[in-house]
Structure formats: structure tokens, C-alpha cells
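Take a look at the structure set out below.
Just so it is clear, none of the values below were taken in a lab; they were calculated from the coordinates. Not measured: the values here are computed from a predicted model. With ideal geometry, Cβ positions are generated from the backbone for all residues, glycine too; neighbour counts draw on all protein chains shown.
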Amino acid sequence: MLGNPYDPDCPTRALLDRIGDQWTVLIVGVLGDGPLRFTEIGKRVRGISQKVLTQTLRSLVRDGILTRTAYPEIPPHVEYELTELGRNLAEPLDMLDKWARVHMGEVLDARKSYDGQLTA
């Protein structure tokens, strides 16, 4: 294991920031079924701007989590796909997704209870 993620200067901390980012989680999730074009990723990850999608995809390619394949066609055809490292990351992210779906009701109940205490 490399470094200490509790140290703000540790590269592991930066990697945790990247993989814990909401957009990374969603992009890795949609690419779990196979490669997609930029526009298809944007359609499936609703709410992400083109700028943020571009930045996030570049970062994930740089980190070795995705590959970017450009096909010499007109119009240009670019696909993004999970690498082996990305597929490995998809497993724990899928578990987090399942956890959130199972426990969302409990979280909503806790929020409602907490918010009720604030107004009392």
C-alpha cells in the first residue's frame, strides 16, 4: 500500500478524491456494460455538463481507469471503455450503489427526523 490518504499531500488522497467524485462514480457505472460514445455517456449521466464530462473523462483516462479510442470517421467517433483497472474499481462502486438503493429509505427517515428536531 502506498502512502497515507489522511495526509493531504499524499497521492493516494488525490486518487480517493477522484474515485469518490459523484461524476466518476456515475461514469464508471454506465461504462460497466461496455464502451460508450461521449454523447451517450452524457445522455445516461443526466445533469453533467459537457465541460465537466470532458474533464472527468480526461482525468479517468489519465489515471488508467478508462481508455479512449478515436475512430477515423466523419463525423469523429470516440468511445470510452473501462480498463482492467476500471473494471476492478467498478466492483466496489457497484456495492456502494446497491447499498445506497437498499438504505435510501432509512437515510430519508433519518433526515426527516433530524430536520424535525431543528424546527422544534
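Restricting to segment 13-54, and then to whatever is of a type in the set (Val, Ile, Thr) and touching a strand residue (DSSP E or B) at 6+ places or on another chain (Cβ under 9 Å), can you tell me which residue is farthest from residue 88 (Cα to Cα)? Write out each step before concluding.
As a first pass, look at segment 13-54 and keep what is of a type in the set (Val, Ile, Thr): 19, 24-25, 27-28, 30, 39, 41, 45, 48, 52, 54.
Subsequent filtering for residues that are touching a strand residue (DSSP E or B) at 6+ places or on another chain (Cβ under 9 Å) retains 27-28, 30, 41.
Numbers: 27: 14, 28: 10, 30: 14, 41: 20 Å.
Looking at the filtered set, the residue picked out is 41.
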- Could you check segment 1-115 for helices (runs of 4 or more DSSP H) lying wholly inside it with 2 or more residues that are loosely packed, with under 13 Cβ neighbours inside 10 Å? 11-19, 38-44, 50-62
- Complete set of residues in segment 79-93 that are touching a strand residue (DSSP E or B) at 6+ places or on another chain (Cβ under 8 Å) and of a type in the set (Asp, Glu): 79, 81
